[in-house]
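Let me begin by presenting the structure, written as C-alpha cells, before commenting on it.
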Amino acid sequence: MQRMTFGGLELSVIDPHERDTKYIYDEIFVSQIYYHPEMRIPKHPIIMDVGSNIGLYGIWAHRQYQPSEMYCYEASPRTFPYLKANVERLIGAETKVHIFNRALARSRDLAKSWP
C-alpha cells in the first residue's frame, strides 16, 4: 500500500500519481469546502460519510468537530482497504468509527444496477 504526505498527513493512497488525492485534499483541507460558519453543529456529533473514498472528509470532520461517532461507507472493494488504513491510523480513539464496504441505496434493485 502506497503512502504519500499531504499537509502533514501521511495517507495511504490509491492514486499512483497523487493528482486526484492532492485535488481532493486541497478541496477539503485548503479550500475548506465543507466548512460553513453559519452551520450549527452540536458538540461531539455523529458524522455520516457516504462515499468515503480514502477517508479525507472523515479525517477533516474528526479534526473539525470531534465527533462521538462516525459512520464511513465506501462501496469500492478496491478503495476500502485504503479507507480502513487511513481511518485506523489518523482518527483518534475518542471517536468511535464504524466503516463499511457497502453502498447505500434506496432499494435493493437500485444497488444491483449500480456499475
The strands (runs of 3 or more DSSP E) lying entirely within region 1-113 that contain at least 3 residues which are more than 11 Å from the chain's Cα centre (by Cα) and surrounded by 14 or more Cβ atoms within 10 Å (Cβ to Cβ) are 9-13
Log entry, pairs with first residue in region 12-36 being aliphatic (A, V, I, L, M), second being open to solvent by 80 Å² or more (accessible area, probe 1.4 Å), beta carbons closer than 9 Å, six or more apart or on different chains, reads Val13/Met1; Val13/Arg3; Val13/Asp20; Ile14/Met1; Ile14/Asp20; Ile14/Arg78; Ile28/Tyr34
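Is one or more of the residues making up region 7-14 among the aliphatic types (A, V, I, L, M) and at pLDDT 95 or above?
Scanning region 7-14 turns up no residue that is among the aliphatic types (A, V, I, L, M) and at pLDDT 95 or above.
The values are calculated or read from the model by the stated rules, or taken from the named source; none is laboratory data. Predicted, not measured: the structure shown is a model, and the values here were computed from it. Ideal geometry is used to build each Cβ from the backbone, glycine not excepted, and the neighbour counts take in all protein chains shown. Each accessible area value is taken on the protein alone, full model and side chains, heavy atoms only, with ligands, DNA and RNA left out. Shrake-Rupley method; radii C 1.70, N 1.55, O 1.52, S 1.80 Å.
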